[in-house]
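Here's the structure we're looking at; comments come further down.
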Amino acid sequence: MADPETARNGREAIERVGCAACHEIPGIAWPKGRTGPSLVGFDDIGPIAGALPNTPKNLAAFVRNAPVARPGSAMPAMPLSEEEARDVAAYLYGLDDE
Ligand code: HEC
């Protein structure tokens, strides 16, 4: 489970860069995007984008630079620092805890 401050930082980063323009993400007040898959219960699904083992490290790398983490991914690279990407991953993994 993510500590509350990490998860809060992650949520702020998600709002700042606008992940919800393409994804349904619980706790984020944006019009729900439908370009990408819903991230509800994200930690219960299989591999990230069908390709990467579902670990915090892989998730952080993917949300920051999807086309490098999974060549051919339709998700663009996002303007996150490495630390922000880790916080975003922690937020996504913590979604079930609330
Ligand atoms: C321009 C639209 C767009 C934006 C903005 C976007 N994504 Fe995505 N995202 C996608 C698409 C399309 C996919 C599917 C890509 C693939 O399968 O490789 C995806 C896949 C994902 C996945 C994998 C989902 C799964 O079921 O395996 C995660 C996690 C994710 N995005 C998180 C984020 C986060 C966090 C942000 C903000 C930092 C973000 N996305 C911003 C379009 C977007």
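Summary of computed values
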{"item": "Per residue accessible area in Å² of the chain, where ligands, DNA and RNA are left out and the probe is 1.4 Å", "result": "58"}
{"item": "Relative contact order for the range 4-97, counting Cα pairs under 8 Å that sit 6 or more residues apart, in percent", "result": "33"}
{"item": "Karplus (6.51, -1.76, 1.60) ³J(HN,Hα), θ = phi - 60°, over the range 54-67, in Hz, Gly and Pro reported as x", "result": "7, 10, x, 5, 5, 5, 4, 5, 5, 5, 7, 8, 4, x"}
{"item": "Surface share of carbon and sulfur [accessible, 1.4 angstrom probe, percent] for the chain", "result": "55"}
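The values are calculated or read from the model by the stated rules, or taken from the named source; none is laboratory data. It should be emphasised that the depicted structure is a prediction, and the values quoted were computed from it without experimental measurement. Calculation scope for accessible area: heavy atoms of the full protein, side chains included, ligands and nucleic acids excluded. Shrake-Rupley method; radii C 1.70, N 1.55, O 1.52, S 1.80 Å.
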